[in-house]
Amino acid sequence: LKVRIDGVEVNKQNYEALILKNVYPTLYLADIRKFKPAVKYDLIVMADVIEHMSKKDGYKLVDRLLKSCKHLLITTPMGFMKQAEYFIKHNKYEKHVSGWLPEDFKKYKKAKIRLFSKVFLVRIDAK
């Protein structure tokens, strides 16, 4: 079984810390909205990412990533959740820009949604 785990981080300070900790074998310093995967993945996990961009950018990202994987897993807070100022002060990319609900993913016919108390998980099969 061959496993490849890559990461994408937009904040240079976080990127450098992750490199030092050797968290990912391959880590890209990039804005995920502009990042183009060089390989096709079995699974892409977008954990607590989509709420940090506009809905328009979020949908564009989901559509683009579905072309680069077999399965896309997304976790996000249920609805808009204001991010604590402490986090935004130290990293402007931490600001929550949009709120997502399960019905926002109904346009994806193969989406399977699992609800938890304050977050939800979406699995979308590419084909």
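Considered as a group, the residues in the range 21-62 that are open to solvent by 40 Å² or more (accessible area, probe 1.4 Å) and of a type in the set (Gly, Ala, Ser) include one that is farthest from Val122 (Cα to Cα), and that residue is Ala38.
The residue that is nearest to Asp42 (Cα to Cα), counting only those in the range 91-110 that are open to solvent by 30 Å² or more (accessible area, probe 1.4 Å) and in contact with a strand residue (DSSP E or B) (Cβ under 7 Å, 6 or more places away or on another chain), is Lys110.
Residues that are open to solvent by 100 Å² or more (accessible area, probe 1.4 Å) and hydrophobic (A, V, I, L, M, F, W, C) were ranked within the range 1-20; the one that is nearest to Met81 (Cα to Cα) is Leu20.
On the stretch given as the range 73-85, residues that are open to solvent by less than 40 Å² (accessible area, probe 1.4 Å), at pLDDT 90 or above and touching an Asp or Glu at 6+ places or on another chain (Cβ under 8 Å) total 3. Residue count for the range 63-93, restricted to those that are closer than 15 Å to Val8 by Cα and in contact (Cβ under 8 Å) with a residue 60 or more places away in the chain: 1. Restricting attention to the range 111-121, the residues that are open to solvent by less than 50 Å² (accessible area, probe 1.4 Å) and either without any contact (Cβ under 8 Å) to a residue 40 or more places away in the chain or assigned to a helix (DSSP H, G or I) (or both) add up to 1.
Let's see how each residue does on (1) at pLDDT 95 or above; (2) in contact with a Lys or Arg (Cβ under 9 Å, 6 or more places away or on another chain):
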residue: Thr26; (1), (2): no, yes
residue: Leu29; (1), (2): yes, yes
residue: Arg33; (1), (2): yes, yes
residue: Ala38; (1), (2): no, no
residue: Val45; (1), (2): yes, no
residue: Ile50; (1), (2): yes, no
residue: Asp57; (1), (2): yes, yes
residue: Lys60; (1), (2): yes, yes
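Taking each residue of the range 27-43 that is farther than 8 Å from Val8 by Cα and looking for partners that are polar (S, T, N, Q) and crowded, with 16+ Cβ neighbours inside 10 Å with beta-carbon atoms closer than 7 Å, six or more apart or interchain, yields Pro37/Ser68; Lys40/Ser68; Tyr41/Ser68. Restricting Ile124, Ile88 to residues that are out of contact with any Pro (no Cβ under 9 Å at 6 or more places or on another chain), part of a helix (DSSP H, G or I) and at pLDDT below 95 narrows the list to Ile88. Here Ile88 meets each of (1) closer than 24 Å to Leu115 by Cβ; (2) surrounded by fewer than 17 Cβ atoms within 10 Å (Cβ to Cβ) with one exception, condition (1).
The values are calculated or read from the model by the stated rules, or taken from the named source; none is laboratory data. The shown structure was predicted, so the numbers you read here are calculated from the model rather than taken from an experiment. Ideal geometry is used to build each Cβ from the backbone, glycine not excepted, and the neighbour counts take in all protein chains shown. What goes into the accessible areas is simple: the full protein's heavy atoms, side chains included, and nothing from ligands, DNA or RNA. Shrake-Rupley method; radii C 1.70, N 1.55, O 1.52, S 1.80 Å.
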